[in-house]
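Note sheet for the following structure.
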Amino acid sequence: MKQIIKGTGIMMLILFFSLYFSKYNNDYYENKRILTDEAINRFEKDVKEGKKIDAKNYLPKEKDYNNKASEIGVKSSEFIEKVFEKSLRVIMTYLNSIQNE
């Protein structure tokens, strides 16, 4: 009984610390928000000056992370999905035929 209580207490402690320290790891979202605030200020300035407004000028540019490794990963996961789906269909039709006999 003491081992169960001790194990549960350790798991709760680990969960607490992981959630506690994860709240400090949100710099990415804060930087994204700051960039958005800067874009809003540029937009307001351009509206006041009467410039032509184009949404592309105010949206942050995103990086392209596509490379050979990611393409191989996507293709392999699609292949695995197709094989799994076909095998599951074969198994289900077989089980269905057994059930109907």
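Note on SER97 and GLU71: the extension gain reaches 5.5 nm, defined as 0.36 nm multiplied by sequence separation minus the Cα-Cα distance. Could you work out the Kirkwood radius for the chain, taking every pair of different alpha carbons, averaging 1/r and inverting it, reported in Å? In the chain this quantity evaluates to 20.7 Å. Accessible surface computed residue by residue for the chain, with neighbouring protein chains in place and a 1.4 Å probe, gives 101 Å² per residue.
Hey, what angle do you get for helix 2-22 against the long axis of the chain, alpha-carbon based, 0 to 90 degrees rounded to 10? So the inclination is approximately 30 degrees. Given +1 at the Cβ of Lys and Arg, -1 at the Cβ of Asp and Glu and no other charges, the dipole of the chain around its Cα centre is 220 debye to the nearest 20.
Working from label points 7 Å from Cα in the Cα-to-Cβ sense, the SER22 to ASP54 distance is 4.1 nm. Rounded to the nearest 10 degrees, the angle from helix 27-49 to the longest Cα principal axis of the chain is 40 degrees.
Rounded to the nearest percent, how much of the accessible area of the chain (1.4 Å probe, protein heavy atoms only) is carbon and sulfur? Roughly 63 percent of what the probe reaches on the chain is carbon or sulfur.
The values are calculated or read from the model by the stated rules, or taken from the named source; none is laboratory data. Keep in mind it's a predicted model, so treat the numbers as computed, not measured. Ideal geometry is used to build each Cβ from the backbone, glycine not excepted, and the neighbour counts take in all protein chains shown. Keep in mind that these areas ignore ligands, DNA and RNA; they rest on the heavy atoms of the full protein, side chains included. Shrake-Rupley method; radii C 1.70, N 1.55, O 1.52, S 1.80 Å.
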